[in-house]
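Data first, discussion second: the structure below is written as structure tokens.
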């Protein structure tokens, strides 16, 4: 898996050079602006930073969102509403009617499932008012989606002894970009139409469309009606016909979830497929901040993280099965064993200026004897950096509403002290395991640019994400399962 700090975004250099591949990532979304540690409960008592520690709560809180390349909506899918939806419900034990001594139906229907978000809520689209909607957002599809997320959050919100929380978030994103439409700002500034640009896939007008979002609401199944199961699924091809299965060259995604009442953890099964028209797709499972900004987005969000972790003192625990790995202001660890280091002594423009070892020793990238070049796939600098160290490579200026900085690392012994993969193949297909990662320690040691003469910035991580990116490679599939996600603090 990967650890990242923002949704999967890649640099312009990567778009030019990178061999098509797919990544699976644990993402951290960084806001440059608590001290948490993972410990054995027998040794130190802790409170979870997430609302549903270990994903064990029967009454699921789950939402889904979709974005275009520059983290906006752009346009809604006809008859699908704004690309935000939720599956939030509570479970109650069946009880006898007021005039019954014994419960005649309890044997056959022992539990009652009550959904908090209706189909009408989920299908809301721009132009349709709802409680709390700001008037200026009613006909603006981008603002409407952000407001709709807050509305769904209010319906899903769970109060507890510390802070209220709302839901886990599934995030979808397409890397298609229509440069002639000029919908995406460059390093945060509006631009004029340009092109063509081979760095970004686009089949023509409409290539930045949102996906279909179909929803099988969670229901009770099984002989004893104790199995909970639901699903979100769809495609970026609006004419895709799923009745015949995955036939033809169509994109596809699916996130299904299942749990036995009163037992174990929710298991989330993810599937993602690219197509000729949509070769660059992303699918993440996120724990976002319950208030404020998160995920690299410029809108208020809702989520699962009640406590915002700050580097260096926090860890993350979860189970990943049959997946890849990626650490990411974006920092990412790419665990696809087919991915090699671009950072070399003779290619310093894609190396971070410094590497810091766990003992605090810092070495410059020009130190060929001690700098761990093989630990880095790529580093790219923010487009608004005023004093970047030469040589440098700039990040893709269009993938975010603001400039971005990306650091991609590879399995290497220098990361072993933080619990990360140390050699190629670890965390990849065939190596399912439970990971306990010192995310805070690692993220604190990584290099991120700051202007000279400014004090060191605090690193607060507003999103922790697990997921996959298939980068400009049509007809590829990725499939993985996540459960038991936990983020404790003392």
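When the Kirkwood hydrodynamic radius is evaluated over all pairs of different C-alpha atoms of the stretch 120-180, what value in angstrom, to one decimal, is obtained? Value: 13.6 Å, from the Cα pair sum. For the stretch 241-299, averaging the sequence separation of C-alpha pairs within contact (under 8 Å, six or more residues apart) and dividing by the residue count gives a relative contact order of 26 percent. From least to most packed, judged by other beta carbons within 10 angstrom and beginning with the fewest, 304, 171 follow the order 171, 304. The modelled label-to-label distance between residue 238 and residue 95, using points 7 Å beyond Cα along the C-beta direction, is 4.9 nm. Subtracting the Cα-Cα distance of residue 205 and residue 128 from 0.36 nm times their residue separation leaves 25.1 nm of extension gain. Here the mean projected area of the convex hull built on the C-alpha positions of the stretch 244-312 is 8.2 nm². Taking a ≥ b ≥ c as the square roots of the eigenvalues of the alpha carbon gyration tensor, the stretch 184-308 is oblate, as a/c is not under 1.5 and a/b does not beat b/c. Classification of the stretch 331-490 by its C-alpha gyration tensor yields a rounded form. The axis ratio a/c (a ≥ b ≥ c) stays under 1.5. For residue 479 and residue 338, a Förster radius of 22 Å and the Cβ-Cβ distance give a FRET efficiency of 0.80, rounded to the nearest 0.05. Taking 0.36 nm per residue of separation and subtracting the current Cα-Cα distance, fully stretching the chain between residue 114 and residue 247 would add 44.3 nm. Judged by the gyration tensor of its Cα atoms, with axes a ≥ b ≥ c, the stretch 331-398 is oblate; a/c meets the 1.5 cut and b/c is at least as large as a/b. When 473, 160, 288 are arranged by Cβ crowding within 10 Å, least crowded first, meaning fewest neighbours, the order is 160, 473, 288. Using the Cβ-Cβ distance between residue 387 and residue 181 with R0 = 30 Å, the FRET efficiency computed as 1/(1 + (r/R0)^6) comes to roughly 0.30.
The ranking of 236, 428 by Cβ neighbour count inside 10 Å, starting from the fewest, reads 428, 236.
What the Cβ-Cβ distance of residue 364 and residue 429 gives, at R0 = 35 Å and to the nearest 0.05, is a FRET efficiency of 0.45. So for the stretch 351-490, averaging the separation of alpha carbon pairs under 8 Å that are six or more residues apart and normalising by length, what relative contact order in percent results? Once divided by the residue count of the stretch 351-490, the mean separation gives 19 percent.
Read-outs throughout are calculated quantities, based only on the coordinates presented, and are distinct from any laboratory measurement. Here the structure is a predicted model, which is why all the values come from computation and not from measurement. Reconstructed Cβ throughout: ideal geometry from the backbone, glycine too, with neighbour counts over all protein chains shown.
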